[in-house]
Amino acid sequence: MRIVLVGPPGAGKGTQATVLAETLSIPHISTGDLFRANISQGTELGRRAKAFMDAGDLVPDEITIGMAKDRMEQEDAAGGFLLDGFPRNVSQAEALDVMLKAGAMNLDAVLDLEVEEDEVVKRLAGRRTCRKDSSHIYHVDYRPSKVEGVCDIDGGELYVREDQTEEAVRNRLEVYHTQTEPIIDYYKAQGLVSTIPALGEVKDVTQRALDALKK
Ligand code: AMP
C-alpha cells in the first residue's frame, strides 16, 4: 500500500505512522526524520535545512523533493510505503504524482488526522523526543517515559525539539494552514482522503485509521 499521512503538527502523525507502518509491514518514510538524521550526521543537506526547521518553516522544495524521491526509490519501498510529513504543499503533491506515474504506481489512501487547535498546542508543549532515535516520542501527560527524561527503549536523553518552542509551534500551525491544508482538497479531488478523528487513545486512533484503509 502507498499511504500519505497528513495532519497539523501535534496530531500524532509520527506516533501513528510508526504503528501503522509496522502493522502494514511497509517502511515509514518521514521527511522530518530524514532531515534530522542529516543534521545529526552533519551533511550539507542537513546544514541547509536546519535554519528553516528551527524556525518552523518549510524546507525549500528543491531540497525536500529530491531527498524524498531518493528515499522512496530505495529497495524496501518498492512494495509500498507510508509517507509522514511529505507532501507538505501542493507543489510537492504534484511532484509526488509525477514520480508515482513514472513508475506506474498510485496512492491508495490519504489519511487526514483531525484535531482541534487548542489540543494541538497542549500536545506539542509536552512533547519529548529521544536524542538517540527520533522515532521514540513521549509526552509528559499522555505518554510519559518510566523515568522522567530518559527513553524507555534505549536510555537516550529526552529533549524538547528546537522546532517545538512556543514561537516555532505557532509558526508551524500557520504554515500548516496556509501551505499544507490545501493538499487535502488536492487529494479530495482524487477521492483519496479519509478523515480520522485523532482524539483519544493512540490505539483507538490507529484502529480508526486501519478501518478507513479497509474501505
Ligand atoms: P516533522 O518532523 O514532520 O514535524 O518535520 C519537522 C520539520 O522538518 C518541519 O517543520 C519542516 O521544517 C521540515 N520538513 C519536514 N518535511 C518537510 C516537507 N515535506 N517539506 C518542507 N519541509 C519539511
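General observations
- Whole-percent carbon and sulfur share, accessible surface of the chain, 1.4 Å: 50
- 23 Å Cα-Cα reach of Lys13 towards lysines, excluding residues that sit fewer than 8 places from it in its own chain: Lys50, Lys69, Lys122, Lys132, Lys146, Lys188, Lys203, Lys214, Lys215
- Asp54 accessible area, 1.4 Å probe, all protein chains in place, Å² to nearest 10: 60
- Solvent-accessible ranking of Arg170, Arg128, Arg2, largest area first, probe 1.4 Å: Arg170, Arg128, Arg2
- With a cut-off of 19 Å on the backbone N, the residues of the range 174-215 near the modelled label site 7 Å out from Asp141 along Cα-Cβ are 198-205.
- Gain upon complete extension [Met1, Asp97; 0.36 nm per residue less C-alpha separation]: 33.0 nm
- Relative contact order of the range 1-127, taken over Cα pairs closer than 8 Å and 6 or more residues apart, is 47 percent.
- Largest accessible area first, the listed residues Asp152, Asp84, Asp70, Asp118 line up as Asp118, Asp70, Asp152, Asp84 when surface is computed with a 1.4 Å probe on the assembled protein chains.
- Of the residues Ser40, Ser91, Ser134, Ser30, ranked by 1.4 Å probe accessible area with the largest first, the sequence reads Ser40, Ser91, Ser134, Ser30.
- Solvent-accessible area of His177 with every protein chain in place, 1.4 Å probe, in Å² to the nearest 10: 70
- Three-way shape label, the chain, alpha-carbon gyration tensor, a/c 1.5: rounded
The values are calculated or read from the model by the stated rules, or taken from the named source; none is laboratory data. Remember, it's a predicted structure, so these values are computed and weren't measured experimentally. Because the Cβ atoms are built from the backbone with ideal geometry, glycine has one as well, and the counts that use them run over all protein chains shown. To get the accessible areas, we keep the full protein, side chains included, count just its heavy atoms, and leave off ligands, DNA and RNA. Shrake-Rupley method; radii C 1.70, N 1.55, O 1.52, S 1.80 Å.
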